[in-house]
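Everything below concerns the one structure shown next.
Please treat every number below as a calculation from the coordinates, not as lab data. Everything numeric here is computed off the predicted structure, so don't read it as measured data. Note: ideal-geometry Cβ built from the backbone for every residue, glycine included; neighbour counts use all protein chains shown.
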Amino acid sequence: MADMSALSDGDNAVTFMVAAGLVYEIIAAACSSPQTTEINAQARSDTLMKWVIIGLVQAAVFVLIAASMDKDRWPALLGGGMAAGIMWASYAHAKAAGLRNGGPTTETY
């Protein structure tokens, strides 16, 4: 049986969570919420998704920096990658649901 003790290293857990949290924080700083994306998809989905991509690029830079500073690179890469995938899926779903369902928006033009 494989030695799983290395996977439960406390430092790796902290690195994983910091990398994941960093992705969420950067995207939140650059974007509206998935809820706002869904509500305003008819008018602004392309702009909102542009900022999701910009946030993902920014987050990737910081995750790669964090990974390069640690001898165990996988926790930062895994945490950041998982968070990026989850956030992308959240915003993509919000855009699709908003375009499909329409409804009242929070903005007037």
* Structure fact -> With +1 on the Cβ of every Lys and Arg and -1 on the Cβ of every Asp and Glu, the dipole magnitude of segment 13-101 about its Cα centre, in debye rounded to the nearest 20, is 180
* Asked: Projected onto the charge dipole of the chain (+1 at Lys/Arg Cβ, -1 at Asp/Glu Cβ, origin at the Cα centre), which of A84, V23, A97 gives the Cα projection farthest towards the positive end?
  -> A97
* Structure fact -> Highest GNM mean-square fluctuation among T47, T15, T36, for the chain with Cα springs under 10 Å, belongs to T47
* With Cβ to Cβ distances under 15 Å as the rule, what net charge do the other residues near G98 carry (K, R +1; D, E -1)? -> 0
* **Listed values [x] 39, 31, 23; [y] 58, 29, 15; [z] 74, 31, 21, entry calculated as Cα extents along the principal axes in Å** => [y]
